[in-house]
Amino acid sequence: MPASDELAERVAALRAEVSEHDRRYHAEDAPTISDAEYDELVRELRRYEEEFPELATPDSPTQQVGAGPSALFTPVRHRQPMMSLDNAFAEPELLAWGERLERRLGAGPDDDPVDYACELKIDGVAISLLYEDGALTQAATRGDGRVGEDVTANVRTIDAVPAVLPAGAPQVLEVRGEVFMGRAAFDALNERQAAAGERLFVNPRNSAAGSLRQKDAAVTSGRELAMWCYQLGEVQGGPRFTRHRETLDFLDELGLPVNPEVAVVPTLAEVHAYCRRWEQHRHDLDYEIDGVVVKVDDLGRRNELGFTSRAPRWAIAYKFPPEERTTKLLGIQVSIGRTGKATPFAQLEPVFVGGANVSQATLHNQDQVRVKDVRPGDTVIVRRAGDVIPEVVGPVVAERPEGLEPWEFPTTCPCPRGSTLVRPEGESDTRCVDLQCPFQLHGSIEHFASRGGLDIEGFGEQRVRLFLDLGLVHDIGDIFSIDWERVRALEGFGETSVANLQAAVEAARSRPLPDLLVGLNIRHLGPAGAQALARAFGHLDRIMAASVEEMAEAEGVGPVIAQAVHEWFADEGHRAVIEKLRAAGVNFTGPERSELPQVLAGASVVVTGTLEGYSREDAEEAIKARGGKSPGSVSKKTTAVVVGEGPGASKVTKAEELGVPLLDEAAFEHLLATGELPG
Ligand code: IVH
């Protein structure tokens, strides 16, 4: 069936759109859409062109790599073209690529396996370095793949790039790699930009690109750039290689920076495992990666496979799901936290990013909104990376509609009492100072009952709100005197759920003093400080009676905590709460000093299934008595999971996914005795 006129129009429009985005990305370093959205446009265009070849044109952006050189820099013709890579966005595409090339090669896992070199896909700027007689003579950007831009002076300022290679280097050596900016360098750069009132960079890739395209190399020199080399170009007068891995080792020996995470594996299953592992651990690196590049290691086999018109058949880029997308900023509001802190947050047109639908994202504080200059109505870049809460990175200024006003931080609390918001001199946070503020009360009660506090199961956000609204509680002091008869009469509260909640509240009376201290919601006071205070004073009354100096003297309690604790207890309202807790019989003493060595301090060990020598409670007690925590679920922060008979399948799977070690009972006993994990 021939393509309809409508489709032909859509293809032409897509082509124009993609070309424009190419130009903005490559020539201006100022993309207006996220990489993921760009990839989607290209995929759509390519799909139509493949299905209706009559719609394909030689000048389509699907047939090009990047953009031509700008007038700012001298053009450089590459000795060998700098190719782009085809992408795989999910496992099936990766497997299909591998199986196709294995068929072409007549190879497979059982018979003459193909070795795959797996490398991190560095999110930076592709650069070609040329060394002649061991000296760096030229550095060029990729440009359109044939002609790039001469950025030699700028690249010379990068410490990682040697100006001279050791004796014995080939006469001509062309090396390709990625110039990038590490996260720490990027954060530091943006801090300097903010302090100087300059525009913020949206991400490390853009700042690397912008830094390379400076007319004045002194500016580049002040930007901490680095490089990883991943590919050999033309070589004259050097050794012959048969494997990609050998070429990387050779570059490494010449003192060129080669990424240490390269792995050569013989099966597609292992390639996929490498991709999965780095997808989970990408945030452990100090530089950004946006995927994995998989390459056939055998150079002879590469020749057999050859190229398509735009990319080698012997390599593919496996792209991770995007962590940045653009969307519309509908409005900015502030939320009031449990300490009264007012945090501005963005209301967004919902967008799928970092594996979740996001319709709200934090803007951190007043200064951040100002330096980012995001305005309701803007198109903004939203980032959701790993477990980190979603944030607004910045506006796409090129897309800003006319007449948008800068956003003003509100001067009153959004709660019905509408008290004044105050930003103390020299602080970055604005706060609501009204201790009766319902938003604060809500947050503080929720925190009191949370895992970190008195751990009252079933007393979560919604019930706190309901009980507050109904006047069943007014502050944390009321939790132990809730009128359960009234609760029983409420809709949705069955006999069992009330009994459970009541039992959870009862159990909270005897929690250790440090948990109570954390639950009180005192600024700066976390679990470590609470533990230190409880240990030093042994009773809540003694902490309340202590001076700032006395508290600050205790091991592990600094002057900031001491001051905050002292101020908190000096407040009359707070003292009234404490008296309610005392009257309710809440434990104010402890902890008994544990005689055991605290080998698990800072560790978090989850127990699942039945152990022979310990009941579940005993096992958890044994962990806590050694300074560790024993939460009920597995997360990134879990140190190890102890697996007994009949374990929870989801805990084990989660641990495996996250690479958390699984321990049997013997290994658990070893851990308790020494604090060490096996192997
Ligand atoms: S190899 C012909 N290896 O990703 C093969 N590229 O999407 C040339 N990139 O243009 C590229 N890390 O800018 C290769 N380890 C790596 C890479 C890498 C990042 C970039 C490079 C390339 C783009 C392709």
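Here, each number is a calculation from the coordinates, and none is a lab measurement. Note that the structure is a prediction, hence the values are computed from the model and not measured. Methodologically, a virtual Cβ is constructed for each residue, glycine included, from the backbone with ideal geometry; neighbour enumeration extends over all protein chains shown.
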**Complete:** Rh (Kirkwood, all Cα-Cα pairs) for segment 400-540, Å, reads 17.4
**Asked** With a sphere of radius 12 Å drawn around the Cβ of D367, what net charge do the other residues whose Cβ falls strictly inside it have (Lys, Arg +1; Asp, Glu -1)?
**Response** -1
**Request:** Based on other C-beta atoms within 10 Å, arrange M544, M181 from fewest to most.
**Result:** M544, M181
**Prompt:** Given labels modelled 7 Å from the Cα in the Cβ direction, how far is it in nm from A356 to E612?
**Reply:** 4.2
**Prompt:** Which GluC sites (Glu not before Pro) from segment 648-679 combine a DSSP loop assignment with at most 13 other Cβ atoms within 10 Å?
**Reply:** E676
**Asked** Between E645 and E427, what length comes free when the chain is fully extended (0.36 nm per residue of separation minus the Cα-Cα distance, one decimal in nm)?
**Response** 73.2 nm
**Message:** Taking just the alpha-carbon atoms of segment 216-307, what radius of gyration and Dmax come out, in angstrom?
**Reply:** 16.1, 48
**Item:** Sites T137 and A167 - FRET efficiency at Förster radius 22 Å, r taken between beta-carbons, to 0.05
**Value:** 0.80
**Complete:** trypsin sites (Lys or Arg not before Pro) in segment 495-597 lying in a DSSP loop, each with at most 12 other Cβ atoms within 10 Å of its Cβ, come to R593
**Message:** At 0.36 nm per residue, and after removing the present C-alpha to C-alpha distance, how many nm does the segment from R486 to D541 gain when stretched out fully?
**Reply:** 16.5 nm
**Request:** Using R₀ = 25 Å, calculate the FRET efficiency as 1/(1 + (r/R₀)^6) where r is the Cβ-Cβ separation of R199 and A385; round to 0.05.
**Result:** 0.70
**Request:** Would you mind checking the radius of gyration and Dmax of the chain based on alpha-carbon positions, in Å?
**Result:** 30.2, 90
**Fill in**
dims of segment 522-603, Cα set, principal axes, largest to smallest, nearest Å -> 40, 29, 20
**Asked** Under the Kirkwood approximation for Rh and a Cα-based Rg, what ratio Rg/Rh is obtained for segment 70-191?
**Response** 1.07
**Prompt:** If you take every DSSP beta bridge whose two residues both sit in the chain, what share of them, in percent to the nearest 5, is antiparallel?
**Reply:** 90
**Prompt:** Between their Cα atoms, which of K121/K328; K341/K651; K372/K651; K341/K636; K319/K636 are more than 31 Å away from each other?
**Reply:** K341/K651; K372/K651
**Request:** Would you mind ranking L72, L7, L94 so that the residue whose beta carbon has the fewest other beta carbons within 10 Å leads the list?
**Result:** L72, L7, L94
**Request:** Fewest Cβ neighbours within 10 Å first, please rank W97, W314 accordingly.
**Result:** W97, W314
**Item:** Share of pairwise Cα separations in segment 147-302, more than 25 Å, in percent
**Value:** 41
